[in-house]
Amino acid sequence: MKRLPIVALVGQTNAGKSSILNRVARKNIAIVAREEGTTRDNVMATIDDSFILIDTAGLKDPNDDFEASIQDQIVDAIDAADVILVTLDSAKYFDHRDAKIAKSALRSGKPVYLVLNKADLGESLPITEFRALGIAPENTFYVSATTGQGIAKLKSTLPKGKAEKKTDILKIALIGRPNVGKSSLFNSLGKKQQAIVSSQQGTTRDINRVTVKYKGRELEILDTAGLRKPGKREVGIEKFSAIRTLAAIEEADICALLIDSTEPHSKLDQSLAGQIIETGKGIVMVVTKSDLLDEATPTNYFGEENVKNRTAADFLIDSLEKDFDFLPYAPVLITSSETGENVTQLFELALEIDQNRHLEIKTSELNKILNEAIVAHPPAGLKNTRPKPKYIVQTDTCPPWFVVHGHELGLLHWSWKRFLERKIREKYPFMGTPIMFSYRSDK
């Protein structure tokens, strides 16, 4: 399946980009506030399995280093997108910054649409006031993110990806920091298989793909660009390529989070793991360059004094378990693309995780677990009110989703919710996949 087209919302702060994304996606994804500059990074959503819509941060003071990095992000969003939506407040005259954004968008040679938001307020300027931006009148849309006015017409003009999906293809995305070994593992995974179905190379900022057959199943491997911390994405030195990477996470079924064995993992690795599980994707933690790890002593990396009878790999696993304690269900695979150690084991894990993502549990079994959890640890409440979970059902797979019904469930403490998840995983481990919960009170 060809990747879904990417549509980027660009414009100054407080033009309503986040509200438009929420309206088009029909849910609250982006944070919306009256304060300018609320969105500090890209937020994205897959729309009707047709295209990916991204909301970029607004343009502000270029003399501020942080704001300058946001401006660079807008430029790279234009570079990465297939269609660009220049967003303005329809009641305000455009200024030189709006003109700069429109000029950059038009210079890309890609389809550019002018989206004039807040048209419901009755104070919109005539279209003639915006013609100097250079965007054709037929590509101009008056919309209201608040009421939905003009949104359907705008959506109808945006590109549509192929709606039909080959459900038998399992997509695995390689995610991680730069120089962590993604490309080496990508090449190794491709070369290890004799039955290569197809190979498609992208640009340096796009996603490289290769499709292989393993045990009769087609697996598509997605190699993504490395992600740095926002503060490390230096303007004029490093292009911001996270958009394609986040799109790959959105597209994939399972994500392999690569961690360099020769460098202590960082908060960015934890952040990437969080993004993967928030999208409900399967996850494998892949430790790379194990051939180099063997040459080192544990004290070089972990500061341990007593290393008797323990290897660097032992300390690495201990460290991962500590720093990724929110991922106790994620398997850890130690690999070396240089020697080929455990490379194809990633395929084995991916197939097993895919089975777990499709697992459906009988309602009777779920309610037995729920009752055992209530007896073992009755939910605490307020002085005169106590939450009372009554029954639980599974409503979805990929990821598995469970809905708990009961009385006053808004009072349930997060620790009890986590306890219920642990009880379910004791019987159904769901290795490598997050499981989601919703709590619905009677009222």
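The values are calculated or read from the model by the stated rules, or taken from the named source; none is laboratory data. Fair warning: this is a prediction, and the values are worked out from it, not measured in the lab. Note that each Cβ is placed from the backbone with ideal geometry, even for glycine, and that neighbours are counted across all protein chains shown.
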| query | If we scan segment 28-42, do we find a residue that is in contact with a strand residue (DSSP E or B) (Cβ under 9 Å, 6 or more places away or on another chain), over 21 Å from L114 (Cβ atoms), assigned by TED's automatic domain parsing to the domain that holds L106 and modelled with pLDDT under 70? | reply | yes
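Yes or no, residue by residue, for (1) farther than 30 Å from R209 by Cα; (2) of a type in the set (S, T, Y):
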| position | (1), (2) |
| --- | --- |
| A136 | yes, no |
| N139 | yes, no |
| V143 | yes, no |
| T146 | yes, yes |
| L154 | yes, no |
| L170 | no, no |
| P178 | no, no |
| G181 | no, no |
| L185 | no, no |
| message | Anything in segment 155-184 that is modelled with pLDDT of 85 or more and either closer than 24 Å to G274 by Cβ or part of a strand (DSSP E or B) (or both)? List them, or say none. | response | L170, K171, I172, A173, L174, I175, G176
| said: Within segment 195-206, does at least one residue satisfy the condition of being of a type outside the set (D, E), surrounded by fewer than 14 Cβ atoms within 10 Å (Cβ to Cβ) and modelled with pLDDT of 70 or more? | reply: no
| Of all residues in segment 262-291, which are in contact with a strand residue (DSSP E or B) (Cβ under 8 Å, 6 or more places away or on another chain), small (G, A, S) and either on the phi > 0 side of the Ramachandran plot or without any contact (Cβ under 8 Å) to a residue 12 or more places away in the chain (or both)? | G280
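Residue-wise test of (1) in contact (Cβ under 8 Å) with a residue 12 or more places away in the chain; (2) under 16 Å from L53 (Cα atoms); (3) touching a Pro at 6+ places or on another chain (Cβ under 8 Å).
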residue	(1), (2), (3)
D79	yes, yes, no
V86	yes, yes, no
D89	yes, no, no
Y93	yes, no, no
R97	yes, no, no
G109	no, no, no
K118	yes, no, no
L125	yes, no, no
| query | Within segment 113-136, which residues are more than 14 Å from L154 (Cα to Cα), crowded, with 17+ Cβ neighbours inside 10 Å and among the polar types (S, T, N, Q)? | reply | S124
| said: Test of understanding: among S144, S104, which residue is part of a loop (DSSP other than H, G, I, E, B) and not aliphatic (A, V, I, L, M)? | reply: S144
| Are any of the residues in segment 163-177 farther than 30 Å from K289 by Cβ and buried (at least 21 other Cβ atoms within 10 Å of the Cβ)? | no
